[in-house]
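This is the structure I have questions about; it appears just below.
The values are calculated or read from the model by the stated rules, or taken from the named source; none is laboratory data. Values in this document were obtained by computation on a predicted structure and should not be read as measured data. Using ideal geometry, Cβ is built from the backbone for each residue, glycine included, and neighbour counts are taken over all protein chains shown. Quick note on the areas: whole protein, heavy atoms, side chains included, nothing else; ligands and nucleic acids left out. Shrake-Rupley method; radii C 1.70, N 1.55, O 1.52, S 1.80 Å.
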Amino acid sequence: MIARTPALLAACAVLAAACSGTGSPASAESGAPSPAGSSPPASIAPTTTASSALAAMRQLCDTPSVTTEPAPVQHGPTPPVIAQVEKAVQEVRGLRFEHPVPVEALTNSQLDAKLQASFAQSFSPDQLLRRGLAWSTIGVIPKGTDLQKAYESFYQGQVVGFYVPESGELVFQGSSDPTLVEQIALAHELTHALDDQHFGLVRVDKFGASCQDERQLAALGAVEGSAQFFSIKAGVQLATSGQAGGLGGLLNGGGLTPPSVPGVPPFLTQLQYWPYTTGLAFITERALTGGTGAVNTAIEDLPASTEQVMHPEKYPSDVPIPVDVPELGPALGPGWRDIDVMQVG
């Protein structure tokens with residue numbers, strides 16, 4: 001998964017099905033207003049002086065800034081299981097680690113707790129309330145959905161590991177004898193680390209911190225697609241002869257159907273999985289037509305729109321055209337105001 005958090009580019013991967021983090025998915029570009037005469041609670045009805053949707057988005061953007069952190073110190077040698085997966089990732093990715101990746105092995109419950117703590121520090125409860133109201137207003141999630149609880153339910157037990165580009169640390173569900181699925185998940189995270197060391201991934205979080213939802217989601221498509229593609233290829237190397245047979249089809253998108261998670265609206269689940277499914281297809285196309293060099297180009301020069309990810313032939317020349325929506329509140333009457341604004345591709 002890749003999450004929009006200021007201090008965490010989280011990545012959870014289970015074989016070829018992974019959860020994207022809380023990266024802001026594309027939604028309605030204009031603010032979702034409350035019906036006339038029915039104002040939302042004061043805590044989720046901020047007053048803006050915006051003259052357009054773009055101006056409102058800037059005023060309503062409520063995410064912490066991205067700051068880099070000192071890299072954790074790796075005590076002792078790299079664990080053998082990590083070294084084995086690192087070797088496979090370097091071979092399939094065609095790049096070498098410029099320096100060791102600090103690794104923290106946690107239990108499943110510890111990992112869940114650490115991810116939940118990061119989520120709590122990264123998102124304003126007020127913004128989540130406003131986003132939930134906006135999404136329920138346009139009908140993509142059921143009315144009354146607690147968006148924060150839905151995200152927490154989605155993450156619970158799904159995250160196998162995550163990589164933090166702001167500090168260069170990798171956190172994963174540790175095991176001295178990992179299954180093939182766990183090795184592929186680890187390869188996913190190590191691909192993030194390798195891409196980060198060569199091309200820099202902090203900028204992806206910076207898009208999210210400035211509420212550039214469309215640009216961040218497009219970037220996530222390339223970054224998660226790379227991690228999916230090369231972790232599956234590494235898995236082929238790491239697997240026994242009997243295990244490897246089913247992995248090849250995953251590179252063509254097989255087995256990437258988002259699961260149904262109790263308490264999580266399908267809309268949210270599909271948005272979280274989009275960078276992994278469509279991103280994998282994008283990177284696969286890049287690799288087939290231009291090899292590893294074409295993949296490197298896509299990570300160095302990240303896609304500017306989700307259209308470029310969905311239609312690889314449009315990358316990189318078909319650039320987005322800025323579109324703004326004027327303030328419609330006064331024309332609609334009393335009680336109408338901007339509560340949330342997101343970009344749509």
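What do you reckon, is Pro312 over 23 Å from His198 (Cα atoms) and open to solvent by 10 Å² or more (accessible area, probe 1.4 Å)?
No.
Would you be able to say whether some residue in the range 284-291 is modelled with pLDDT of 95 or more, within 16 Å of the chain's Cα centre (by Cα), open to solvent by 10 Å² or more (accessible area, probe 1.4 Å) and not small (Gly, Ala, Ser)?
Checked against the condition, which is being modelled with pLDDT of 95 or more, within 16 Å of the chain's Cα centre (by Cα), open to solvent by 10 Å² or more (accessible area, probe 1.4 Å) and not small (Gly, Ala, Ser), the range 284-291 yields no hits at all.
When the residues of the range 292-309 are narrowed to those that are not hydrophobic (A, V, I, L, M, F, W, C) and not in a loop (DSSP other than H, G, I, E, B), which ends up surrounded by the most Cβ atoms within 10 Å (Cβ to Cβ)?
Restricting to residues being not hydrophobic (A, V, I, L, M, F, W, C) and not in a loop (DSSP other than H, G, I, E, B), the top hit is Thr306.
Val323 - would you say it is among the hydrophobic types (A, V, I, L, M, F, W, C) and either farther than 24 Å from Val202 by Cα or not in a loop (DSSP other than H, G, I, E, B) (or both)?
yes
Taking Gly329 and the conditions (1) touching a residue at least 60 places away in the same chain (Cβ under 8 Å); (2) loosely packed, with under 13 Cβ neighbours inside 10 Å, which numbered condition does it fall short on, given that it satisfies the others?
With (1) touching a residue at least 60 places away in the same chain (Cβ under 8 Å); (2) loosely packed, with under 13 Cβ neighbours inside 10 Å applied to Gly329, the lone miss is (2).
Now for a different question. Considering only residues that are part of a loop (DSSP other than H, G, I, E, B) and touching a residue at least 60 places away in the same chain (Cβ under 8 Å), which ones fall in the range 195-230?
Matches in the range 195-230: Leu201, Ser210, Cys211, Gln212.
Which pairs do you get when a residue that is in contact (Cβ under 8 Å) with a residue 12 or more places away in the chain, found in the range 82-105, comes within reach of a residue that is among the charged types (D, E, K, R) and in a helix (DSSP H, G or I), reach meaning Cβ atoms under 7 angstrom, with the pair 6+ apart or on two chains?
As it stands, the answer is Val92/Lys233; Phe97/Glu86, since those pairs meet every condition given.
On to the next question. Select from the range 305-345 the residues that are among the small types (Gly, Ala, Ser) and modelled with pLDDT of 85 or more and list them in ascending order.
Selection gives Ser305, Ser317, Ala331, Gly333.
I need a count of the residues in the range 309-321 that are over 17 Å from the mean Cα position of the chain (by Cα) and touching a residue at least 60 places away in the same chain (Cβ under 8 Å).
So the answer is 1.
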